[in-house]
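A quick write-up on the structure given underneath.
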Amino acid sequence: MDEVKVGAETEAWCTSCKLMKDHIIVAMSGTKPAKVECIGCGKQHLYRPRPPGAAKPRTGRSHAVKVRTPQPADLDARIASKEARTYTPSEKYVIDDVVTHPTFGKGLVIALPAHQKMEVAFSSGRKLLVHERGGVREGNLAPPTNRPHEFPPETQLATDAPIASADGTGETPGGDGVG
Ligand SMILES: [Zn+2]
């Protein structure tokens, strides 16, 4: 592979020839070519890695993309192969657990993105659910009082909650809590 540097050749869109042509890099911006000179016509122009009409990898939808864990291809088989536990926010779940959710049906726990959060793949799609809610924990103040014996309203966040970013959660992935 050619090194990307001033003086190196790179294929780029020539705004004059209207073709993908070899260009000499004449200026860099960071690690990418900023300005190139067309070998065909000698014109210098901004570096364009692809023709102007070519679709960019991403479409205009801005915040729709939030999925980073792929839906398991064999989701149904994996769900069927395990005994499902009824989803309860106070229970603790681990990756590969199968849960039965009152709304979404059976799902497979595929990620634990943050404390008390788990990502579950249902056949209808992935949902972020709370778990391990009831457990008394350091820094967790008084337990909820007067709660009806139902799911707390927080479970509603299962529907459309954005997947929490992994930044700053402070949790060590895979820590199984010894002792
Ligand atoms: Zn050209």
In sequence order, calculated HN-Hα J values of the stretch 6-20 (Karplus, 6.51, -1.76, 1.60; Hz; x Gly/Pro): 4, x, 7, 9, 8, 7, 8, 7, 8, 6, 9, 6, 6, 9, 6
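Among Val4, Val130, rank each residue by its count of other Cβ atoms within 10 Å, from fewest to most, as a rough exposure measure. Write out the running numbers ahead of the final one.
Details: Val4 14, Val130 21.
Ascending number of Cβ neighbours within 10 Å: Val4, Val130.
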Which residues qualify? For Tyr47, with a placed amide H closer than 5 Å and at least 5 residues away or on another chain, they are Lys35, Val36
Work through the residues other than Arg78 whose Cβ is under 13 Å from its Cβ and net out their charges, Lys, Arg +1 and Asp, Glu -1. -3
Listed residues Thr88, Thr103, Val130: farthest to the positive end of the dipole of the stretch 75-139 (Cβ charges): Thr103
Around Glu37, under 12 Å between beta carbons, what's the net of Lys plus Arg minus Asp minus Glu among the other residues? +1
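We did not get these values from a lab; they are worked out from the coordinates using the rules stated. Given the structure is predicted, the values throughout are model-derived calculations rather than measurements. Note that each Cβ is placed from the backbone with ideal geometry, even for glycine, and that neighbours are counted across all protein chains shown.
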